[in-house]
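Scroll down for the structure; my scribbles are underneath it.
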Amino acid sequence: MMRELQLLIKPASCACDMACRYCFYKDEAAGRAVSDRGKMRKETMRIVIDKALAAAQTCVFGFQGGEPTLAGLPFFQDVVAYAQERKSPGQEVAFTLQTNGLGLDEAWFRFLKENRFLVGLSLDGVRRSHDGNRPDHRGEGTFSRVFGAAQRLQEAGIPFHVLCVLNAQTAPRIGAIYRFFGRKGFLHQQYIPCLDPLEERRGEEPFSLTPQMYGEALQELFDLWFADVTAGRPVYLRQFENYVAMLRGGRPEACSMYGKCSMQNVIESDGTVYPCDFYALDAYEMGNICDPEVDFETFWKLAEEGGHPFFREPARRDDRCGSCRWYPLCRGGCRRDCFAQDGGQKNYYCEAYQQFFARSIGRLEMLAGRVRG
């Protein structure tokens, strides 16, 4: 039995009540033979739960989309009740939800608090940068509604992170965004590099994050975060916290920091399993969890033994990684950021990372050497 199993479940498939201009999952789904798999059936979710509990001592059921709340609160109530009923004494279950916040109401807030969900709330900074890329289907801005959801999560004492996509609109305003989050008490933050559409030339979209933008945003964020941390202001910024943990000998949380692709257990609403959220494509299907012949051990073995095309070269990144001083921290970045060039492989953001680490390594090492407290 595995010690821990983490799942990324899409109970509403790619359906969403927003029309985000940079949505990578909408782009992926459009390239599949069947893009929208509909709402997950209760029977499918129960198979997921049963097979997860049979595989691991601790099971983390994470829900993403599209927009997962479109599956409805009764669906989630059944998930929690069934998982609690089926787990063995000593087994642990935990729940996470990544949401745009539009569908959250008082009943949702009560449910999330009672069942100790960790929430990731997508909020692209201040009104101008958020509304520029995250309108609803009527083309209207959603900042006020999402910000209101953040305030209610805060008031209710529900643990949450704000998830800000770094793109051409947010990166140049990153200082204002970081300070805004701080003023509002949103102290758990994640900044996620925007993905360009699959198979398209990088940097061509109005929202595209260029290497220069990313490098400058990383440096400004780190300067601000370091000043807060050393002044005793408790801001948690996931990427930098992971670098500090790695310098202390710990394992990073984010798969882009592992140094190789690992099995992420992405489960579409019909039970189809993919290895990675960024590669939920027909060519990378690993099977269907509803198939009596497969379980999570099956998928783990396929990943570990290279028995699936996605895992043939799981550690292939930038060809310069082997001689790079910063590889122990960078680990080559995310596979989606790598591309073929001149017969080799290159990471789109390599130079941005090199500049960031060269400027910041002393302060990272200083934080790593501090007594934890």
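Some observations on this one:
- Scanning the stretch 1-24 for residues that are in contact (Cβ under 8 Å) with a residue 40 or more places away in the chain and over 30 Å from GLN57 (Cβ atoms) yields a total of 10.
- The lone exception for VAL294 - which of (1) over 27 Å from LEU163 (Cα atoms); (2) of a type in the set (Val, Ile, Thr); (3) in contact (Cβ under 8 Å) with a residue 24 or more places away in the chain it fails: (3)
- Residue ranges of helices (runs of 4 or more DSSP H) in the stretch 1-106 with at least 3 members open to solvent by 60 Å² or more (accessible area, probe 1.4 Å) and out of contact with any helix residue (DSSP H, G or I) (no Cβ under 8 Å at 6 or more places or on another chain): 73-86
- Any hit, the stretch 117-140, residues being within 26 Å of ARG3 (Cα to Cα), touching a strand residue (DSSP E or B) at 6+ places or on another chain (Cβ under 9 Å), among the small types (Gly, Ala, Ser) and at pLDDT below 95: no
- When restricted to residues that are closer than 14 Å to VAL273 by Cβ and either without any contact (Cβ under 8 Å) to a residue 24 or more places away in the chain or of a type in the set (S, T, N, Q) (or both), the stretch 39-63 contains 1.
- GLU285 farther than 27 Å from GLN189 by Cβ, charged (D, E, K, R) and modelled with pLDDT of 95 or more: yes
- Pick from the stretch 297-330, criterion closer than 19 Å to ASP50 by Cα and touching a residue at least 60 places away in the same chain (Cβ under 8 Å), ranking: least open to solvent (accessible area, probe 1.4 Å): GLU297
- Scanning the stretch 341-359 for residues that are under 12 Å from CYS330 (Cβ atoms) and not aromatic (Phe, Trp, Tyr) turns up ASN347, CYS350, GLU351, ALA352, GLN354, GLN355, ALA358.
- Considering residues of the stretch 253-282 that are of a type in the set (Asp, Glu), modelled with pLDDT of 95 or more and surrounded by fewer than 24 Cβ atoms within 10 Å (Cβ to Cβ) only, the residue nearest to CYS330 (Cα to Cα): ASP277
- Test for VAL235: is it touching a helix residue (DSSP H, G or I) at 6+ places or on another chain (Cβ under 9 Å), surrounded by fewer than 21 Cβ atoms within 10 Å (Cβ to Cβ) and either within 19 Å of LEU163 (Cβ to Cβ) or β-branched (Val, Ile, Thr) (or both): yes
- Just one residue in the set PHE160, PHE147, PHE180, PHE240 is free of Cβ contacts under 8 Å to residues at least 40 places away in the same chain, within 29 Å of PHE63 (Cβ to Cβ) and open to solvent by less than 40 Å² (accessible area, probe 1.4 Å); that residue is PHE147.
- Total residues in the stretch 187-203 satisfying the condition of being farther than 18 Å from GLU216 by Cβ, in a loop (DSSP other than H, G, I, E, B) and open to solvent by less than 50 Å² (accessible area, probe 1.4 Å): the figure is 4.
- Test result for ALA168, open to solvent by less than 30 Å² (accessible area, probe 1.4 Å) and closer than 16 Å to ASP131 by Cβ: yes
- Any hit, the stretch 321-330, residues being in contact with a Lys or Arg (Cβ under 6 Å, 6 or more places away or on another chain) and either within 30 Å of TYR214 (Cα to Cα) or at pLDDT 90 or above (or both): no
- Restricting the stretch 1-23 to residues that are of a type in the set (A, V, I, L, M, F, W, C) and modelled with pLDDT under 95, the residue that is nearest to THR170 (Cα to Cα): MET2
- Members of the stretch 338-349 that are at pLDDT 95 or above and open to solvent by less than 20 Å² (accessible area, probe 1.4 Å): ASN347, TYR349
The values are calculated or read from the model by the stated rules, or taken from the named source; none is laboratory data. Computed from a prediction, not measured in an experiment: that's the story for all the values here. Quick reminder, even Gly has a Cβ in these numbers, built from the backbone with ideal geometry, and neighbours come from all protein chains shown. When the accessible area is computed, the model is the full protein with side chains, heavy atoms only, and any ligands, DNA or RNA have been set aside. Shrake-Rupley method; radii C 1.70, N 1.55, O 1.52, S 1.80 Å.
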